Structure formats: structure tokens, C-alpha cells
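As C-alpha cells, the structure follows; a few thoughts come after it.
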Amino acid sequence: MSFESLGLRAELLSAIAARGYASPTPIQSAAIPLVFEGCDLLAGAQTGTGKTAAFALPIVQLLGEKVPAEKRRKPRALVLVPTRELAAQVSEQMNSFARRLSLRSTMIYGGVNIQAQIERLHRGVDIVVATPGRLLDHADRGTVDLSRIKFLVLDEADRMLDLGFIDDIQRVAEYLPVKRQTLLFSATYSQSIKELADELLNQPRRVEVARRNVAADAVTQAVYQVEKSRKREMLSLMIRKGNWNQVLVFARTRYGADKLTEELLFDGIKAAAIHSNKSQSLRTRTLAEFKRGEFRVLVATDVAARGLDIERLPHVVNYDLPQVPEDYVHRIGRTGRAGEDGIALSLVCPEEHSLLQAIEKLLKYSIPRQILPEFPQYAASRIGKPKDSRKAKGPAKTRKRQDKPTVDAAPAQVPVKSATPRRTKEPAARPLPKTGRRGSRSR
Ligand code: AMP
């Protein structure tokens with residue numbers, strides 16, 4: 001299918017060409033005609049599928065057909081997003097299409113001074129991309145008029161619910177006309193998403209696109225088993241010896257992300273944290289610096305990382321496994337993009353064994369286990385071994401642990417890339433290096 005055959009206007013086709021898109025992605029082919037037909041949409045699609053253009057293109061085209069003559073325009077399309085980062089990304093795409101048809105789009109989010117937003121809204125806009133809390137603030141103050149909204153998009157609706165935006169979304173909806181077209185995008189379908197869809201959508205058409213292939217050739221996955229107390233030591237070793245210069249590390253909590261960042265800095269590794277407790281301006285600046293390669297490690301929580309478009313990221317590390325197995329898929333989708341090789345490693349402690357099992361159940365295969373020579377104590381451990389190999393080898397035996405090894409002894413090994421994930425093989429421990437042992441640093 002081509003963009004031309006979707007019935008898009010010449011101005012938008014040239015904007016698409018300028019962005020370098022050769023043909024529509026599956027979500028674009030499926031969703032664009034339905035939006036043109038006027039259907040409400042319940043779309044299962046995650047970041048990276050091209051979902052933004054799937055709603056932005058037809059909405060811009062439909063709005064562009066009738067641009068109001070008056071200077072102070074009232075918003076006719078509203079896109080609700082969970083985070084400021086996603087607002088920026090959606091706005092950037094939306095703007096690149098909207099300006100071709102002389103439409104104005106603006107971004108509204110919390111954590112920054114409200115006055116500049118009030119002024120922009122007052123000057124008149126056609127499209128608003130907003131986080132729910134701040135938008136509601138504007139609606140309650142009367143600084144945004146939502147009575148002319150024709151299109152409502154809920155982008156990453158599952159994340160908005162995770163972040164507790166349900167009440168804000170419902171209250172925003174009260175400001176909107178009943179007669180409108182509503183598009184809901186979500187990576188997952190939970191009961192609460194179904195309830196939200198029942199409430200806000202009118203006989204929606206369902207569109208589902210395949211998840212990004214988590215076992216894609218370009219992504220090598222591996223699990224390293226390690227005691228919780230030694231994770232930081234393992235990570236520092238991997239980064240330094242592997243000479244990784246751009247690595248995204250996932251931590252479970254904001255506190256954990258800050259703590260790990262401090263520890264990495266202490267280890268002489270330039271790092272910064274990004275999470276929802278950081279001010280908006282700091283998050284923006286941190287992400288920009290990371291993209292420019294000004295520091296090596298970005299430690300992020302799932303919420304902060306969601307929707308970030310970081311291209312050609314070579315390494316993703318799960319310092320903590322996610323509580324929700326689907327988040328593992330989102331996380332490792334940050335690497336190996338656009339045909340580039342990527343490595344997604346998980347540092348798993350015994351306490352996380354059940355989380356690992358849940359992830360492997362979702363993936364329907366076992367992630368290969370790897371061992372660093374400096375951390376051999378789990379080589380003989382049966383904890384967290386792939387299910388099928390455990391079965392093949394009979395009941396677990398208790399093995400004697402080796403002495404605690406010192407850190408910084410040999411280059412960190414990275415797993416060998418394999419096109420298909422290995423399912424049962426248990427790698428052997430690599431021998432301890434003979435030279436170069438140094439004392440491990442403690443705080
Ligand atoms: P999204 O899922 O909307 O966050 O888009 C993910 C990335 O894919 C963004 O960098 C888009 O610019 C890009 N993209 C969207 N549509 C296409 C397309 N048809 N061809 C190539 N890249 C695209």
C-alpha cells in the first residue's frame with residue numbers, strides 16, 4: 001500500500017516524503033481509512049509502530065479542509081498523552097503535518113509556567129497536544145475552550161491509566177462535545193482500558209497491529225544472574241570493560257534510579273537519571289544531553305522512558321526487572337531499532353525469579369543465561385534457569401559457592417548475537433582471568 005492510495009492530500013504527501021517515510025506502516029494502513037470514514041477507533045499499537053502519524057495525518061487532513069477564517073481559532077482536535085516527553089514527540093510530528101495546511105498546533109503540559117501556555121491558547125490554535133492534568137487546569141480556569149473539539153485522541157491510554165489520570169480524563173471529557181470522533185491507542189488491553197473505551201468511544205472499530213518482534217534478529221537478549229547487592233558492581237564492570245558509550249538502564253523506582261545514578265558517578269561513569277520526580281525542564285535537558293552523547297548512562301523508570309524516541313541505542317539494561325511483563329517488551333524495544341544491532345541485558349537476582357518467569361511466559365521462550373567470569377557464583381546455580389533445561393537435567397542440587405570474586409578483572413562479555421533465541425542451552429562459566437585483579441571498591 002502507498003500513502004497516495006490512502007487518499008492523502010499532496011501537501012501531506014510531501015510532508016511524508018520530507019520525513020523519509022516510503023510506505024505506510026501497518027497501523028497507518030489500517031487506521032487512516034477508518035478515521036476518514038468517521039469511525040471511532042480502538043487501536044492496539046505501541047510506540048515504534050508509527051501510530052502517531054496514523055492519527056495525525058487524517059486528523060490534519062480533515063481539519064485542513066475547513067480552516068476557520070477568524071484569527072482566534074478554537075481547538076478542534078485534542079490529543080491526550082501521558083507524559084511531557086510524549087507530548088513533545090507527538091507535537092513535533094503533528095506540527096510537521098499541520099503547518100503544511102496552515103493549521104496551528106500547541107503543546108500543553110504540567111511542570112512549567114502556565115502563563116506562556118495561556119497566551120498561546122489565547123492567540124488561537126487548531127490542535128492541542130496535552131497531558132491531562134494541565135489541560136484540566138486550563139479548562140477549569142477557562143483558558144482553553146474545548147467546546148469545538150471534533151477529534152479526541154487518547155494516546156498510550158494504558159500509560160495514562162497507570163499514571164492515575166483516569167479522573168482527569170473523565171473530567172476533560174465532560175468539557176467536550178458528545179458528537180465527536182474518538183481514537184484510543186493503547187499497547188495493552190486491560191479491563192480498565194475496556195471500561196474507558198466503553199465510556200468514551202462510540203461503536204469503535206478495532207485495529208490491532210503486531211507487537212514489535214521482541215526476538216528480532218537485531219536484538220540480542222541475555223540474563224545475568226547476580227545477587228541484588230552486587231548488581232551495581234556488575235553493571236559498572238559491563239559498562240567500563242565493554243566500553244559502552246550509550247546505555248539506557250531501567251530501574252524500578254525513582255529512588256532506585258537516583259541511587260544507581262549516584263553510584264555510577266561514584267564509579268567514575270557519567271550518568272543521569274530521568275523519572276517523573278524530575279522537573280520537566282530537567283528531563284528535557286537530560287534527554288537532549290544523552291542523545292548528544294554528553295554522558296554514557298541514562299537511568300530511567302518505565303514511566304519516564306515510555307515514548308522516548310532514542311535512535312540507534314546499542315545497549316539496554318534491565319537493572320531491575322519490570323513488575324509488568326509487557327514492560328520488558330517495551331524496554332527492549334529501545335534497542336536494535338532501524339536494522340541496527342542492539343543488546344538487551346537483564347541483571348536478575350534470586351528475588352526476581354518469578355518476574356523472570358512471567359516475562360518468559362509472555363515471550364514464550366527462555367532468555368539465554370550468560371555468565372561473567374568475574375561473577376561465576378551462579379554458574380552452577382539452578383535459580384532462574386530456563387524451565388525446559390531444568391526439566392531436562394533433573395532435580396536441583398545444592399552446589400558449593402566459590403569465593404566472592406573481585407571486580408574489574410576482565411572485559412565484560414556480551415552475548416553472541418543469535419537470530420533465534422536459544423531456549424535450553426546453559427552456558428558454561430568462563431574461567432577466572434589470571435591477571436589484572438584489583439580490589440573491589442566499596443562505599
Ligand atoms: P511512533 O510509533 O508514532 O512513535 O513512530 C515511531 C517512529 O517511526 C518515529 O520516529 C516516526 O517518525 C517513524 N515513522 C512513522 N511512520 C513511518 C513510516 N511510514 N515509515 C518510516 N518511519 C515512520
Point to revise | Distance between modelled label sites at LYS74 and ASP145, nm, 7 Å Cα→Cβ extension | key: 0.5 nm
Check your understanding: Roughly speaking, what is the stretch gain from ALA116 to GLN323, that is 0.36 nm per residue apart minus the C-alpha to C-alpha distance, in nm to one decimal?
Key -> 70.7 nm
Revision key, fill the gap. Pseudo-spin-label distance ASP341 to SER2, built 7 Å along Cα→Cβ, given in nm, is 3.7 nm
Exercise for review: Please give the FRET efficiency for ALA22 paired with ARG292, using the beta carbon to beta carbon distance and R0 = 25 Å, rounded to the nearest 0.05.
Suggested key: 0.35
**Study point:** Segment GLU195-ARG99, extension gain: residue separation times 0.36 nm, minus the distance between their alpha carbons
**Key:** 31.0 nm
Check your understanding: Computed FRET efficiency, Cβ-Cβ of ARG123 and LYS364, R0 60 Å: what is it to the nearest 0.05?
Key -> 0.70
Review point. To the nearest 0.05, what FRET efficiency results for GLU262 and ARG171 with a Förster distance of 51 Å applied to their C-beta separation?
Key: 0.85
Check your understanding: Taking the highest mean first, how do the peptides 236-242, 58-64, 290-296 order by number of other beta carbon atoms within 10 angstrom per residue?
Key -> 58-64, 236-242, 290-296
**Study point:** Potential extension, ASN245-GLU37 segment - 0.36 nm per residue separation minus Cα distance
**Key:** 70.1 nm
Exercise for review: Indicate the gyration tensor shape class of region 1-69 (rounded, prolate or oblate), computed on the Cα atoms with a ≥ b ≥ c the square roots of the eigenvalues: a/c under 1.5 is rounded; otherwise a/b larger than b/c is prolate and the rest oblate.
Suggested key: oblate
Check your understanding: Computed over the Cα atoms, what is the radius of gyration of region 121-163 divided by 2.2 N^0.38 Å, N being its residue count?
Key -> 1.24
Exercise for review: Compute the convex hull volume of the Cα atoms of region 4-208, divide it by the residue count, and report the result per residue in Å³ as a whole number.
Suggested key: 110 Å³
Point to revise | Sequence of TYR255, TYR189, TYR175 from largest to smallest accessible area, 1.4 Å probe | key: TYR255, TYR175, TYR189
Revision key, fill the gap. Expressed as a percent, the portion of alpha-carbon pairs in region 133-248 spaced more than 21 Å apart is 58 percent
Review point. In this model, which of LYS51/LYS231; LYS231/LYS361; LYS150/LYS361 are farther than 32 Å apart at the alpha-carbon?
Key: LYS51/LYS231; LYS150/LYS361
Revision key, fill the gap. Loop-resident trypsin sites (Lys or Arg not before Pro) in region 63-140 with no more than 10 other Cβ atoms inside 10 Å, DSSP not H/G/I/E/B, are LYS66, LYS71
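The values are calculated or read from the model by the stated rules, or taken from the named source; none is laboratory data. Note that the coordinates shown come from a computational prediction; the quantities given were computed from them, not determined experimentally. Counting neighbours? That spans all protein chains shown, and the Cβs are built from the backbone with ideal geometry, glycine included. What goes into the accessible areas is simple: the full protein's heavy atoms, side chains included, and nothing from ligands, DNA or RNA. Shrake-Rupley method; radii C 1.70, N 1.55, O 1.52, S 1.80 Å.
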